[in-house]
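Step one of this worksheet: look at the structure below.
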Amino acid sequence: MQKTKVAIVGASGYSGQELVRLLLRHPHVAIACFTSRQYAGKPVADIFPKFRSQVDATFVEPKIPDIAASGAQAVFLALPYGVAAEYAVPLLEKGIKVLDLSADFRLKSAAVYKDFYEHEHPAPALLARAVYGLPELRRGAIRKADLIACPGCYPTSIILGCAPALKRGLAKPHGIVANSLSGVSGAGRKVSEEYIFPECNESARAYGIPKHRHLSEIEQELSLLAGAELKISFNPHLIPLNRGIVSTICLDLAAPATTDDILAVYKNFYKGERFVRVSKALPDTKNVQETNFIDISARVDTRTNKLVVVSAEDNLTKGAAGQAVQCMNLVFGFDETEGLLN
């Protein structure tokens with residue numbers, strides 16, 4: 001059986017490296033092109049020795065003609081926001097499917113994009129065409145899409161954590177507070193003083209308060225689930241882990257309920273979802289590391305009439321590369337778990 005060819009633009013970043021790891025074990029996919037401006041001309045295995053004897057390829061400059069000439073039927077854009085759109089437009093014109101891991105196509109409003117990202121959207125005409133790539137909520141649309149905006153790590157942990165509560169009317173669509181803790185790899189593979197080991201180790205700090213960029217897509221998607229426009233308080237924190245996110249979300253209950261009642265609704269809502277695990281045990285990042293699973297639990301606080309939801313995921317897998325591969329599987333008709341289960 002002939003394998004589907006894909007390209008990874010930005011293959012030398014953390015998300016790009018994770019894409020390589022996952023796609024190398026995918027039985028129906030071959031990576032035809034690895035791009036990196038920084039490492040162009042150098043063997044992939046020299047830069048990432050973990051791929052020795054697995055990859056016999058060289059990084060190339062991210063040029064559209066070369067990407068197209070590789071025969072890639074789909075391209076993963078593991079690029080910063082604002083840059084990804086420059087590649088999406090010409091690739092789509094060539095009939096190549098685009099899976100964008102940046103934030104360029106996650107929002108439906110160019111005005112909201114400008115508000116949160118502080119510059120004009122580079123390709124506003126494509127916003128209506130893009131499908132938000134959260135398989136658990138958009139599976140049918142993803143299958144038909146040629147431009148998929150893969151959600152970020154914080155949004156995935158919060159949206160999937162809140163979806164059953166808002167969609168089933170268990171919680172009120174106001175007064176939601178989400179506190180999230182993220183590993184340092186979420187900042188990307190760049191050299192910056194605030195992210196070097198001596199600054200991050202043995203330290204935890206809040207950042208991006210009160211208007212982190214990802215808040216825009218979180219509110220967009222939660223509003224669709226609730227059927228009403230809503231705003232939430234989102235408080236991200238950096239913690240001394242390489243990878244992983246845990247989010248604790250507090251919502252006001254719409255009616256009295258028990259923890260068992262809530263968990264039953266959550267388990268039913270995610271019944272059949274291979275990568276969502278609902279249990280009574282509170283999630284731990286160590287149990288989702290290097291997997292595409294998101295673990296979710298919930299508690300009812302009868303003293304305050306609050307629903308407390310906790311989720312944990314790997315920010316580079318379910319929060320980035322794994323989710324993109326899951327979407328690719330849907331687009332090409334592969335089993336949704338291909339390349340994602342050890």
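The values are calculated or read from the model by the stated rules, or taken from the named source; none is laboratory data. Keep in mind that what you see is a predicted model, and the values were worked out from it rather than measured. Note that each Cβ is placed from the backbone with ideal geometry, even for glycine, and that neighbours are counted across all protein chains shown.
Return the only residue of 16, 71 being under 17 Å from residue 322 (Cβ atoms) and touching a residue at least 40 places away in the same chain (Cβ under 8 Å).
Going through 16, 71 in turn, just one is under 17 Å from residue 322 (Cβ atoms) and touching a residue at least 40 places away in the same chain (Cβ under 8 Å): 16.
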- Note on the structure: (1) out of contact with any helix residue (DSSP H, G or I) (no Cβ under 8 Å at 6 or more places or on another chain); (2) assigned to a loop (DSSP other than H, G, I, E, B); (3) surrounded by fewer than 23 Cβ atoms within 10 Å (Cβ to Cβ) all hold for residue 283 apart from (3)
- Task: Only residues that are more than 23 Å from residue 183 (Cα to Cα) and in a loop (DSSP other than H, G, I, E, B): list them for region 315-342, please.
- Result: 333, 334, 335, 336, 337, 338, 339
- Task: Determine, yes or no, whether residue 315 is surrounded by 15 or more Cβ atoms within 10 Å (Cβ to Cβ) and within 19 Å of the chain's Cα centre (by Cα).
- Result: yes
- Say we look at region 39-59 and pick out the residues that are over 17 Å from residue 23 (Cβ atoms) and free of Cβ contacts under 8 Å to residues at least 12 places away in the same chain; which of these is nearest to the chain's Cα centre (by Cα)? 49
- Identity of the residue in region 1-36, touching a Ser or Thr at 6+ places or on another chain (Cβ under 6 Å) and hydroxyl-bearing (Ser, Thr, Tyr), that ends up farthest from residue 58 (Cα to Cα): 14
- Out of the residues in region 172-208 that are part of a loop (DSSP other than H, G, I, E, B) and exposed (fewer than 12 other Cβ atoms within 10 Å of the Cβ), which is modelled with the highest pLDDT? 204
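Can you report the number of residues in region 323-340 which are under 8 Å from the mean Cα position of the chain (by Cα) and either outside the structural domain of residue 146 (by TED's automatic domain parsing) or closer than 17 Å to residue 285 by Cβ (or both)?
1
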- Message: When you scan region 126-136, do you find a residue that is over 23 Å from residue 229 (Cα atoms), buried (at least 24 other Cβ atoms within 10 Å of the Cβ) and either in contact with a strand residue (DSSP E or B) (Cβ under 9 Å, 6 or more places away or on another chain) or not assigned by TED's automatic domain parsing to the domain that holds residue 72 (or both), even just one?
- Response: no
- Query: What do you reckon, is residue 161 closer than 17 Å to residue 273 by Cα and not charged (D, E, K, R)?
  - Reply: yes
